[in-house]
Amino acid sequence: MPRRALRTRSLRRKYVRTPGGRIVLHYFKKRPNPAKCAICKKELHGVPRLKPAKLRQLPKSSKRPTRPYGGTICSTCLQKLIKNAIREATD
Ligand SMILES: [Zn+2]
């Protein structure tokens, strides 16, 4: 029986084989899904995978890249958007 604080369904549990061959339960806190690009749905870099309460404790600069659309659109999609916009403007 796990200790009292761990007997809750709100924790993620995983069976882990120890070096001695035993199989034990390890407990983890739940983590939200990673932030994804709004266009290509790839996982975004530079966006921490934390719950909103923890995110609020961080400075703004460590929550998302400080470029336009940082934290919403990935860098390659933004590059394509900018290049297309320039191409259309010059035509
Ligand atoms: Zn993208």
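The values are calculated or read from the model by the stated rules, or taken from the named source; none is laboratory data. Nothing here was measured: the structure is a model prediction, and the numbers come from that model. When we count neighbours, we look across all protein chains shown, and the Cβ atoms used for this are built from the backbone with ideal geometry, even at glycine.
A few notes on this one:
- Among the residues of the stretch 1-30, those identified as in contact with a strand residue (DSSP E or B) (Cβ under 8 Å, 6 or more places away or on another chain) and under 24 Å from residue 55 (Cβ atoms) are 11, 12, 27, 28, 29, 30.
- Residue 2 falls short on exactly one of the conditions (1) in a loop (DSSP other than H, G, I, E, B); (2) out of contact with any Phe, Trp or Tyr (no Cβ under 9 Å at 6 or more places or on another chain), and that condition is (2).
- Scanning the stretch 1-32 for residues that are without any contact (Cβ under 8 Å) to a residue 12 or more places away in the chain and either aliphatic (A, V, I, L, M) or assigned by TED's automatic domain parsing to the domain that holds residue 68 (or both) yields 1, 5, 16, 23, 24.
- Among residues of the stretch 39-58 that are assigned by TED's automatic domain parsing to the domain that holds residue 82, those with a beta-carbon under 7 Å from a residue that is within 16 Å of the ligand (Cβ to nearest atom) and of a type in the set (Lys, Arg) at least six positions away or on a different chain give the pairs 42/36; 43/36; 44/36; 46/64; 47/64.
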